[in-house]
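The values are calculated or read from the model by the stated rules, or taken from the named source; none is laboratory data. All values derive from a computational prediction rather than experimental measurement. Cβ: placed from backbone, ideal geometry, glycine included. Neighbour counts: every protein chain shown. For the accessible areas, the whole protein counts, side chains as well, though only heavy atoms, and no ligand, DNA or RNA atoms are used. Shrake-Rupley method; radii C 1.70, N 1.55, O 1.52, S 1.80 Å.
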Amino acid sequence: MLLRNFIFWLSTKKGVTDPIARRGMRYGFARRFIAGQTLAEAVDSSRELNSAGRRVSLNHLGENVTTVEEATRVKDGYIEMVRELERHQLDGNVSIKLTQLGLDISRDLCHQLAEEIVGEAHGIGRSIEMDMEGSAYVDATLDIFEATRRRYDNVALAIQAYLYRSADDLERLAPLGPKIRLVKGAYREPAIIAFQKKSQVDANYRKLLERLLGGGFFPAIATHDPKMLDFARECLRARGLTDGRYEFQMIFGVRRDLQQQLREQGHPLRIYVPFGTEWCPYFMRRLSERPANCWFVLRNLVAESFRGKN
Ligand SMILES: Cc1cc2nc3c(=O)[nH]c(=O)nc-3n(C[C@H](O)[C@H](O)[C@H](O)COP(=O)(O)OP(=O)(O)OC[C@H]3O[C@@H](n4cnc5c(N)ncnc54)[C@H](O)[C@@H]3O)c2cc1C
C-alpha cells in the first residue's frame, strides 16, 4: 500500500513525470499501456483490437484545463475522434473527462461543451462515456451527466465502487435507465467518503454490480480482478443475460490474458484505449495499481540501455 501511494504521489509531480515522458515513448515501455501519441496511432490500434473482436473506447489523455480556449479545443478534439471512428467504420466510442472540458472554470461551460459532443455523436449514431474523476468532481459530473442523459440516450457514466455514496447515486440515475461503467475507483480518497480496504471495495463492487444487473441499467463491468470477473460471470449465468444486455471493459495492455479469456468465452469486451502526449500521469497511475509493473518498466530501460551501447 505504501509503495502504491508513493507511486501515485509521484504521478502528480511534474518534475518526475516530465523526464519519464521524454524517455517513455522513445524507449518503448509506455507502449504497453498507451496506444500512441496521435489519433492516427489510436485509430490503428483500434483497428487491430476490432479485428481481434474487441470494441474500443478512445481516451485522449490530458489533465485539467484552465482556459475557455483550451476547453473548446479539447471539445473539438473529442468531436474529431468521434468522426474518425465513423470515417474508419470502427466499432468504438469516445470516453471524455469533464475536467478537460473546463469543469474547473465553469460548470455551465463544461455542460454546454459536453452536450455538444454527445449531440454530435448522437447525430452519427455513436456513443460517449463520461469518466468519473476525483471526489471533488462527483456532484458536478452527476449533474451534468443527468442533464445530458435527459436529452440524449447515447451517453454513459462511470461509477466508483470505493465511494460510500455510489449506491445512492445509482438509485438517483435508475429512472434514466443509463449505461453505467462500474469501476473500483482510481484516485486516493479519504476514509470519510471511501472504503479503504480492498475487501470492502470488492464487497461494494459485488453489491453494485448485482444492482446494475437487476434491471434498469446497461452494465459495463470494468475490472481486471479475476474474483470480480468470476462473480460477474456467475451472476450473468444465473440471470440468463446474453450479449446485448451487458459488456465487460478492460484497459489497453492490462491483463491481456483475461481479455483473451473473456473473448474466448464469447463475452462482449470493450478496451479503453488511451493515447496522447500527456500520457505520463496516467501511465504512473497504472503502475501504482500494480507496483509489479515497475519491473516491466525497469527491465525495458535496462534492456534498452544495453542495446544503446551495442
Ligand atoms: C475500462 C475501464 C475504465 C475505467 N474508468 C475509470 C474511471 O472513469 N474512473 C476511475 O476512477 N477509474 C476508472 N478505471 C480504473 C479503476 O477504477 C481501477 O483503478 C482499475 O481498473 C484497477 O482496479 P481493478 O478492478 O482492475 O482491480 P484491482 O483490485 O485494482 O486489481 C485486481 C487485479 O487486476 C490486475 N490489475 C489491475 N490493475 C492492473 C494494472 N495496472 N496492470 C496489471 N494488472 C492489473 C491485477 O491482476 C490485480 O491483482 C477504469 C478501469 C477500466 C477497466
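Mind checking whether some residue in the range 45-55 is at pLDDT below 85 and either under 19 Å from the mean Cα position of the chain (by Cα) or not acidic (Asp, Glu) (or both)?
Taking every residue of the range 45-55 in turn, none turns out to be at pLDDT below 85 and either under 19 Å from the mean Cα position of the chain (by Cα) or not acidic (Asp, Glu) (or both).
Quickly run through the range 206-248 and pick out the residues that are touching a residue at least 40 places away in the same chain (Cβ under 8 Å) and touching a Ser or Thr at 6+ places or on another chain (Cβ under 7 Å).
Result: Leu208, single match.
Taking only pairs six or more apart or across chains, which ones have beta-carbon atoms under 9 Å, a first residue in the range 175-198 that is closer than 18 Å to Leu229 by Cβ and without any contact (Cβ under 8 Å) to a residue 12 or more places away in the chain, and a second residue that is within 14 Å of the ligand (Cβ to nearest atom) and open to solvent by 40 Å² or more (accessible area, probe 1.4 Å)?
Lys198/Lys184
Does the range 240-262 hold any residues that are open to solvent by 40 Å² or more (accessible area, probe 1.4 Å) and either assigned to a loop (DSSP other than H, G, I, E, B) or away from the ligand (no atom under 15 Å from the Cβ) (or both), and which are they?
Taking the range 240-262 as the starting set, the residues that turn out to be open to solvent by 40 Å² or more (accessible area, probe 1.4 Å) are 240, 242-245, 255-257, 260-261.
Correct list: Gly240, Thr242, Asp243, Gly244, Arg245, Arg255.
Within the range 106-125, does at least one residue satisfy the condition of being on the phi < 0 side of the Ramachandran plot and outside any helix (DSSP H, G or I)?
Within the range 106-125, one or more residues are on the phi < 0 side of the Ramachandran plot and outside any helix (DSSP H, G or I).
Which condition does Asp168 not pass, out of (1) within 11 Å of the ligand (Cβ to nearest atom); (2) open to solvent by 60 Å² or more (accessible area, probe 1.4 Å), if it passes all the others?
(1)
Which of the residues belonging to the range 212-223 are surrounded by fewer than 21 Cβ atoms within 10 Å (Cβ to Cβ), out of contact with any helix residue (DSSP H, G or I) (no Cβ under 6 Å at 6 or more places or on another chain) and not in a strand (DSSP E or B)?
Within the range 212-223, Gly214, Gly215 qualify.
Working carefully through the options Gly123, Gly62, Gly119, Gly102, find the one that is out of contact with any His (no Cβ under 9 Å at 6 or more places or on another chain), away from the ligand (no atom under 16 Å from the Cβ), of a type in the set (Gly, Ala, Ser) and more than 26 Å from Phe218 (Cα to Cα). Reasoning before the result, please.
Values: Gly123 fails: more than 26 Å from Phe218 (Cα to Cα); Gly62 fails: away from the ligand (no atom under 16 Å from the Cβ); Gly119 fails: more than 26 Å from Phe218 (Cα to Cα).
Matching residue, one of Gly123, Gly62, Gly119, Gly102: Gly102.
Residue by residue through the range 181-193, note down the ones that are within 11 Å of the ligand (Cβ to nearest atom) and either over 17 Å from the mean Cα position of the chain (by Cα) or on the phi < 0 side of the Ramachandran plot (or both). Before the answer, list the steps.
Initial filter on the range 181-193 (within 11 Å of the ligand (Cβ to nearest atom)): 181-189.
Across the range 181-193, the qualifying residues are Arg181, Leu182, Val183, Lys184, Ala186, Tyr187, Arg188, Glu189.
Determine which single condition Leu236 fails, assuming it passes every other condition in (1) among the aliphatic types (A, V, I, L, M); (2) within 12 Å of the ligand (Cβ to nearest atom); (3) part of a helix (DSSP H, G or I).
Going through the list (1) among the aliphatic types (A, V, I, L, M); (2) within 12 Å of the ligand (Cβ to nearest atom); (3) part of a helix (DSSP H, G or I), Leu236 breaks only (2).
State yes or no: is Glu278 open to solvent by 30 Å² or more (accessible area, probe 1.4 Å) and at pLDDT below 95? It would help to see each step written out before you state the result.
Working: open to solvent by 30 Å² or more (accessible area, probe 1.4 Å): yes; at pLDDT below 95: yes.
Against the criterion (open to solvent by 30 Å² or more (accessible area, probe 1.4 Å) and at pLDDT below 95), Glu278 qualifies.
It is to be established whether one or more residues within the range 191-200 are open to solvent by less than 30 Å² (accessible area, probe 1.4 Å) and part of a strand (DSSP E or B).
Of the residues in the range 191-200, the ones open to solvent by less than 30 Å² (accessible area, probe 1.4 Å) are 194.
With the extra rule that they be part of a strand (DSSP E or B), the set shrinks to 194.
Within the range 191-200, one or more residues are open to solvent by less than 30 Å² (accessible area, probe 1.4 Å) and part of a strand (DSSP E or B).
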